[in-house]
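Comments concern the structure below.
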Amino acid sequence: MPKPLAAITVAAALALAGCGSSGSSSTTGSPTSSASSTPVTTGSSATAVGQLTPAGTTLKIGQPATIAHTDASKPNLKSTVEILPLSLEKGSAADLRGIQLDPSQQGSTPYFVRIQVRNLGTGDLSKSYVGSSVEGIDDRKQTQSSVTFIGDFPRCNETQAPAGFTHGKAFTTCETFLIPAGGSLAGVKVNAYNPNTPDKQDVTWTP
């Protein structure tokens, strides 16, 4: 019988898997599949490198933002990227059947955020987990970490950037957020800290 997936915390995920960026937890299972490096059309022109989306900006799901990205576990991997949340969908308890949850995660409602990432800069982000730089914001305005499944989770497979993820390439991934019972996912964000505006650290998306 296949081993069930099991959710673990971000600290353990980074220690055991050596993957991802801040705000992501992980699960055990079989290896995930890689995304295609074929360029994907966003429907709007890519923002030029250097024209970063200002910290403090609020966008709607479906609108892109340009972010200076550095991989949390591999600081040498950095580039300018376009983050485009494509959808935010509420799941159900049935989506989590067969997954071993921590006591603190039991009874949670899953939310699935599909994200397209495009490399606009000159850095090579091959095999980095760019999508997991996206964090959740719940209905109490608290930050929620995504859950990474090291294994196959067809409902929302998180994928790392493919090999050769260089300028102009794009791929699509999915992040899962487990929101405690009674709460909801109100939006997502990425850190876009600018020392000139320390009170406005994030770029935020809402439905």
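The values are calculated or read from the model by the stated rules, or taken from the named source; none is laboratory data. All values reported here derive from a predicted model rather than from experimental measurement. Note that each Cβ is placed from the backbone with ideal geometry, even for glycine, and that neighbours are counted across all protein chains shown.
Things worth noting here:
- Applying the criterion of being of a type in the set (Phe, Trp, Tyr) and farther than 17 Å from Leu77 by Cα to the residues of the range 146-184, the residue that is nearest to the chain's Cα centre (by Cα) is Phe177.
- Some residue of the range 158-167 being part of a strand (DSSP E or B), aliphatic (A, V, I, L, M) and on the phi < 0 side of the Ramachandran plot: no
- Yes/no for Thr143 being more than 17 Å from Asp71 (Cα to Cα) and either touching a helix residue (DSSP H, G or I) at 6+ places or on another chain (Cβ under 7 Å) or of a type in the set (Val, Ile, Thr) (or both): yes
- Residues of the range 135-162 satisfying the condition of being of a type in the set (A, V, I, L, M, F, W, C) and within 15 Å of Leu178 (Cβ to Cβ): Ile137, Val147, Phe149, Phe153, Cys156
- Thr41 being among the hydroxyl-bearing types (Ser, Thr, Tyr) and either modelled with pLDDT of 50 or more or in contact with a His (Cβ under 6 Å, 6 or more places away or on another chain) (or both): no
- Of all residues making up the range 130-144, the number that are part of a loop (DSSP other than H, G, I, E, B) and more than 9 Å from the chain's Cα centre (by Cα): 4
- Condition check for Ala72 on (1) crowded, with 16+ Cβ neighbours inside 10 Å; (2) part of a loop (DSSP other than H, G, I, E, B); (3) modelled with pLDDT of 90 or more: one failure, at (3).
- Against the list (1) modelled with pLDDT under 95; (2) more than 19 Å from the chain's Cα centre (by Cα), the condition Lys127 fails is (2).
- So Glu89, is it under 16 Å from the mean Cα position of the chain (by Cα) and over 20 Å from Thr66 (Cα atoms): yes
- Qualifying residue in the range 169-187 (condition: among the charged types (D, E, K, R), part of a loop (DSSP other than H, G, I, E, B), touching a Ser or Thr at 6+ places or on another chain (Cβ under 9 Å) and more than 24 Å from Gln105 (Cα to Cα)): yes
- Hits in the range 135-153 (condition: in contact (Cβ under 8 Å) with a residue 60 or more places away in the chain and over 23 Å from Arg97 (Cβ atoms)): Glu135, Ile137, Thr143
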